[in-house]
Structures are given as structure tokens and as C-alpha cells.
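The values are calculated or read from the model by the stated rules, or taken from the named source; none is laboratory data. Everything numeric in this text was worked out from a predicted model, so none of it was measured. With ideal geometry, Cβ positions are generated from the backbone for all residues, glycine too; neighbour counts draw on all protein chains shown. All accessible areas refer to the heavy atoms of the entire protein, side chains included, with ligands and DNA or RNA removed. Shrake-Rupley method; radii C 1.70, N 1.55, O 1.52, S 1.80 Å.
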Amino acid sequence: MNIAALLLPDFSLILCGYLVCRFTPLDQNVWRQVESLVYFLFFPVLLFHSISKSPLDLSVASSLMAAGLLLGTAGIALAYLIPYLPWLCRHVERQQHAAAAQVAFRFNSFIGLALAERLAGAQGLLLLSVLIGVCVPLFNVGAVWPMARHGQRGFLRELVRNPLIIATLCALSANLLGLRLPGWAEPTLARIGAASLPLGLMAAGAGMQLGHLAHSRSLTLAVLGIKHLMLPLLAWALARLFALPAPHTTILLAFSALPTASSCYVLAARMGYN
């Protein structure tokens, strides 16, 4: 498997957004409107469509679901602990941490679905869909809470108004109730959802200020260390604990180390954070 070829399109889109914003008339004024469109329409449609279209068999995947939820809860807890660690607290600004904590536990579902298909075929896609279905609500709540708390916006108010959480809960409810999208709506929703990836990644590139990385190196190392070192180790331990079969273990390990969600940038920007 050529991992570089798999990741190149996403990184190329981020670079395109960065260059277009800085060297064409399509400046930040344009990309702020794109962020709103992606946040309030494209990403919610994508989440609803992705979660609702794959039936969830709770009995078959119960151990994988439990491992995924424990993994996600641990990732959120570790991310929240960063400003309280003695060797990091003096180097981490609380406002930056509120926006960046989500990087430590959220995941890029597009790359995940592509990897799952290559690793375990149709079964891999189904298993990853199960993890997406049960973990996305937890991760979205975990992403919103520190920003709402730090900004004194009211957590419940932000929660019930968050379009990503609303779309996820609606999709899970429809899935568990056995409701399916009508055939005539499927192509339209699929195309709207597909548009969220390039626009979200280009918006992330347009909003990048690379010089800021030098001011938050400790925070950057902390969230990426959790995401790409601690969570994969924990996923391996949970797979052993739950005695997961090989395909489930493979998907859980891949899920634990996926690059973070492209919607992290859009969510932080829409809530007034860097």
C-alpha cells in the first residue's frame, strides 16, 4: 500500500487553498464564506449520509464498539489534561489548547474509509462505519466543550446548535430505527457530502498561518503525540483486552492513528478560535 499516494490528494488541496488565498483575489473574505457553507451544510450532510447508509449490527460489533468508545474517551481525557501537566502548563496557552485539543482525538473519515477498504475489503468498511457511528457523537461533544467553556458560550447551547452533532445524532437514530434514504435522494446527498472534502481542506489551507507553529510547539507535540503514539498503543492494548479478531484489531489500530479531521479547522474558526 502506498500511503504517500493516499495522503497526497488531501495535502495537495490544503496547499492549493493556501496558495489561492495568498496569491489570487480569492482572499480571506471569500474563504470565510466557504467555511460557513462547509460547516452548516456540506459537513453535516456528509456525516448524515456516511453514518445512515451502513446498517449497524450492534450484536456483532459490540466488543469493537466498546473498545472504540474507551479509546475515544481516553483520547479526550489525555487531550484535556495537557494544560495541567507540570512540564507543559507553562508552555501552553489555554485559548490555543481549547481549539487544538480536538486534534488529539478526532479523525479523518475519508482517509479512514480508503484505508479500511484496502486493509480488509467490504468488511473493513463496515467495521470502520461502526466506529464512525459510535465515536463521532462523542468526539464532536469532546471538541465543542473546551471551546464553549473557555469562551463562556454555554456548553449546552453550543451543543444543541452544533450542526455536526445534530447531523450525527439524527443519522444514528435513523440507522438504529432501520430508516433508509430514498433512492432518488441518495445521489444528491452523496455529491453534496463529497464536496465537503475539497472545500474543507482548501479552507483549512487558506486559514493556515505557518508562523504560528513556532509559538505553540509544545502544544503541537502534545496533541500529535497523543494522536499518533499514545492512542495506537492504547488501541493495541484494548484489542488484546477484548480479544478482538484480526480484522477488528486491524481496523481499530488504523482508526486510532488516522490523521485528524479536516473539520477541526472549520469548527474552531466558526467558534472564534485560531
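Just for the range 171-204: of the residues that are open to solvent by 70 Å² or more (accessible area, probe 1.4 Å) and assigned to a helix (DSSP H, G or I), which one is modelled with the lowest pLDDT?
For the range 171-204, the residue satisfying everything is LEU176.
Among residues of the range 255-270 that are without any contact (Cβ under 8 Å) to a residue 60 or more places away in the chain, those with a Cβ under 7 angstrom from a residue that is in a helix (DSSP H, G or I), sequence gap 6+ or separate chain, pair up as ALA257/HIS228; ALA257/LEU231; ALA257/PRO232.
Residue under question is LEU78, and the condition is that it be under 27 Å from LEU197 (Cα atoms), open to solvent by 10 Å² or more (accessible area, probe 1.4 Å) and among the aliphatic types (A, V, I, L, M); does it hold? Walk me through it before giving the result.
Details: under 27 Å from LEU197 (Cα atoms): no; open to solvent by 10 Å² or more (accessible area, probe 1.4 Å): yes; among the aliphatic types (A, V, I, L, M): yes.
When the stated conditions are applied, LEU78 does not pass them.
The set of residues in the range 205-217 that are part of a helix (DSSP H, G or I) and open to solvent by less than 40 Å² (accessible area, probe 1.4 Å) comprises GLY205, ALA206, GLY207.
Return a yes/no flag: does the range 241-249 have any residue that is among the β-branched types (Val, Ile, Thr) and either in contact (Cβ under 8 Å) with a residue 24 or more places away in the chain or surrounded by fewer than 18 Cβ atoms within 10 Å (Cβ to Cβ) (or both). Scanning the range 241-249, I find no residue that is among the β-branched types (Val, Ile, Thr) and either in contact (Cβ under 8 Å) with a residue 24 or more places away in the chain or surrounded by fewer than 18 Cβ atoms within 10 Å (Cβ to Cβ) (or both), so the answer is no. Please count how many residues of the range 20-41 are at pLDDT 90 or above and surrounded by fewer than 13 Cβ atoms within 10 Å (Cβ to Cβ). Residues flagged as at pLDDT 90 or above and surrounded by fewer than 13 Cβ atoms within 10 Å (Cβ to Cβ) within the range 20-41 amount to 3.
Within the range 204-233, being closer than 18 Å to LEU127 by Cβ and of a type in the set (A, V, I, L, M, F, W, C) holds for one residue alone: LEU231.
Anything in the range 78-109 that is small (Gly, Ala, Ser) and either touching a Ser or Thr at 6+ places or on another chain (Cβ under 7 Å) or within 24 Å of HIS248 (Cα to Cα) (or both)? List them, or say none.
Residues of the range 78-109 that are small (Gly, Ala, Ser), as a first pass: 79, 98-101, 104, 109.
Correct list: ALA104, SER109.
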